[in-house]
Amino acid sequence: MSELNDLYQEVILEHNKNPRNFRDIGDADKMADGKNPLCGDALRVYVKMEGDMVSDVAFKGSGCAISKASASMMTQAVKGRTREEAEVLFNEFHRMVTGELDADAEDNHLGKLKIFSGVLEFPARVKCASLSWHTLNAALSGKDVASTE
Ligand code: ZN
């Protein structure tokens, strides 16, 4: 477990320092705002669609290292995917950070995102890790505000 924790720390710190796709998209097709009042994280997620494919995705906002790193990795994970694939990832991610999916034992598409299973040890951080995913999901569903419930 400590190896996973080291990797988790390393990846979070790196993405926090150098977040990917940290910008707005002026002609975004969809966007949504997400807030996690427990921690003070606030993000806006922008999505550009090409047919059924997420051709570009980006975020802006402020928050803790975990929320920012998770948003950064979310954008990397869903760019170039279809809406349906992005929804599958959202569901798997959500189930993993709430302890319903054992990402090492069960089939999933999470790949690098598996490091966020580390938040299970820190329940207060679950919403930080899942905020960007809820916000993406809201944007894809045509809602402009995300619910983290
Ligand atoms: Zn946070």
### Query
Since residue 29 meets every condition but one in (1) within 16 Å of the ligand (Cβ to nearest atom); (2) touching a strand residue (DSSP E or B) at 6+ places or on another chain (Cβ under 6 Å), which condition does it not meet?
(1)
### Task
Mind listing just one residue for me: the one in segment 32-54 that is under 13 Å from residue 21 (Cα atoms) and open to solvent by 30 Å² or more (accessible area, probe 1.4 Å) and, of those, nearest to the ligand (Cβ to nearest atom)?
44
### Exclusive hit being closer than 25 Å to residue 14 by Cβ, part of a helix (DSSP H, G or I) and small (Gly, Ala, Ser), set 138, 103, 42, 77
77
### Query
Just wondering, is there one or more residues in segment 57-71 that are touching a strand residue (DSSP E or B) at 6+ places or on another chain (Cβ under 8 Å), more than 25 Å from residue 122 (Cβ to Cβ) and open to solvent by less than 80 Å² (accessible area, probe 1.4 Å)?
yes
### Task
Within segment 72-105, count every residue that is farther than 18 Å from residue 57 by Cα and crowded, with 22+ Cβ neighbours inside 10 Å.
2
### Hits in segment 106-131 - residues which are buried (at least 18 other Cβ atoms within 10 Å of the Cβ), part of a helix (DSSP H, G or I) and over 14 Å from the mean Cα position of the chain (by Cα)
118
### Query
List pairs: first in segment 113-136 and within 13 Å of the ligand (Cβ to nearest atom), second part of a helix (DSSP H, G or I) and open to solvent by 70 Å² or more (accessible area, probe 1.4 Å), Cβ under 8 Å, 6+ apart or cross-chain?
119/125; 126/120
### Query
Is it true that residue 88 is closer than 22 Å to residue 10 by Cα and either of a type in the set (A, V, I, L, M, F, W, C) or in contact with a Lys or Arg (Cβ under 7 Å, 6 or more places away or on another chain) (or both)?
no
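So, residue 40, is that one within 16 Å of residue 133 (Cβ to Cβ) and among the small types (Gly, Ala, Ser) or not? Step through it out loud before you land on a result.
Numbers: within 16 Å of residue 133 (Cβ to Cβ): no; among the small types (Gly, Ala, Ser): yes.
So residue 40 fails the test.
If you scan segment 80-93, which residues turn out to be more than 16 Å from the ligand (Cβ to nearest atom) and part of a helix (DSSP H, G or I)?
Passing the criteria: 83, 84, 85, 86, 87, 88, 89, 90, 91, 92.
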### Query
Do we have any residue at all in segment 121-134 that's of a type in the set (A, V, I, L, M, F, W, C) and farther than 19 Å from residue 5 by Cα?
yes
### Summary
When (1) open to solvent by 50 Å² or more (accessible area, probe 1.4 Å); (2) modelled with pLDDT of 95 or more are applied to residue 9, the one that fails is (2)
### Message
Taking the conditions exactly as written (open to solvent by less than 20 Å² (accessible area, probe 1.4 Å) and in contact with a strand residue (DSSP E or B) (Cβ under 9 Å, 6 or more places away or on another chain)), does residue 21 satisfy them or not?
### Response
no
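The values are calculated or read from the model by the stated rules, or taken from the named source; none is laboratory data. The structure displayed is predicted, hence computed values, not measured ones. A quick note on method: Cβ atoms are made from the backbone with ideal geometry, for glycine too, and the neighbour counts reach across all protein chains shown. Heavy atoms of the whole protein, side chains included, go into the accessibility calculation; ligands, DNA and RNA do not. Shrake-Rupley method; radii C 1.70, N 1.55, O 1.52, S 1.80 Å.
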